[in-house]
Amino acid sequence: MKQADKPGITILVAEDHPIVADGILAVLGKAKDIVVVGRARNGEEAIGLLKLHQPDIVLLDLRMPLIDGIGVMKWIKRTGSNARPIILTMYHGENDVSQAIQAGANAYLLKDTSPSEILKTIRRVHRGKAAISRQRRASEVSCMKSRDLKPLDLEILALIVEGYDNRRIGLQLGLGTDAVKYHLRCLFSKLGVRKRAAAARQAIESGLLKIG
């Protein structure tokens, strides 16, 4: 860990899996403008370190022993702590995302997010520009409440079946990368799948798309 007396964005990392935590710390350690002030193995430790160090950002796993990430964010909101929570997790189910947004997450990242994107999100949140806008918060929750496939969902499904990657889907439909990722998350949630291949298979087997 870097020394806390150096200038920079102060961060607390709360992650109960040692190997994952080491990987996160390695990513953060390469950034000259970031200072890791603490490492928590569970939500209870996280709250204690939040009180002690008062960091700018807390990078939270969603599911931890004793107190989970949602519980830590509720504590932050209840006590008026200035720490801005960023969720970094392997879970992306509709319930998980919705609860995190409602609890006050400034960003919601999956653990397969690239190191550059993690650092970019941290800096954005630190500047006060939440990675989840009010409009997106509303649309995420709205999307998750609806199971109906819209015309755009079907267009994206068709392109997935044809083997298009995110970049090509964006070019074909006139969408930015973030918008494509959002619509894919929403689509996968509606279909109850996690992978593109599963979405394509379900689209064909259920008759959502006519092939040939």
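What follows draws every value from the coordinates through simple rules; no lab data is involved. All figures in this text were calculated on a predicted structure; none of them were measured in a lab. Methodologically, a virtual Cβ is constructed for each residue, glycine included, from the backbone with ideal geometry; neighbour enumeration extends over all protein chains shown.
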- Note on the structure: Here, trypsin sites (Lys or Arg not before Pro) of region 28-85 satisfying both criteria (DSSP loop; at most 15 other Cβ within 10 Å) are 30, 32, 63
- Note on the structure: Note to self: Kirkwood Rh of region 146-205, Cα pairs, one decimal, Å, is 11.3
- Message: On a 22 Å Cα-Cα criterion, which of the cross-link pairs 74/120; 120/190; 129/181 come out too long?
- Response: 74/120; 120/190
- Return the long-range amide H neighbours of residue 109 (sequence gap of 5 or more, or a different chain), with a cut-off of under 5 Å between placed amide H atoms. 87, 88, 89
- Going out from 0 in 5 Å bins, what whole percent of all Cα-Cα distances in region 19-79 drops into each bin? 4, 17, 29, 25, 17, 7, 1
- Task: Using θ = phi - 60° and the Karplus relation 6.51 cos²θ - 1.76 cosθ + 1.60, list the HN-Hα couplings for region 196-203 in order, rounded to whole Hz, with x at every Gly or Pro.
- Result: 4, 4, 5, 5, 5, 4, 5, 4
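Against the globular-protein guess of 2.2 N^0.38 Å, express the Cα radius of gyration of region 9-140 as a ratio, rounded to two decimals.
Numbers: Rg = 13.2 Å, N = 132, 2.2 N^0.38 = 14.1 Å.
Rounded to two decimals, the normalised Rg is 0.94.
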- Sorted by average packing, counted as other Cβ atoms within 10 angstrom per residue and highest first, what order do 108-117, 52-61 take? 52-61, 108-117
- Counting only residues 5 or more places away or on other chains, whose amide H sits under 5 Å from the amide H of residue 36 once H atoms are built in the peptide plane? 2, 11
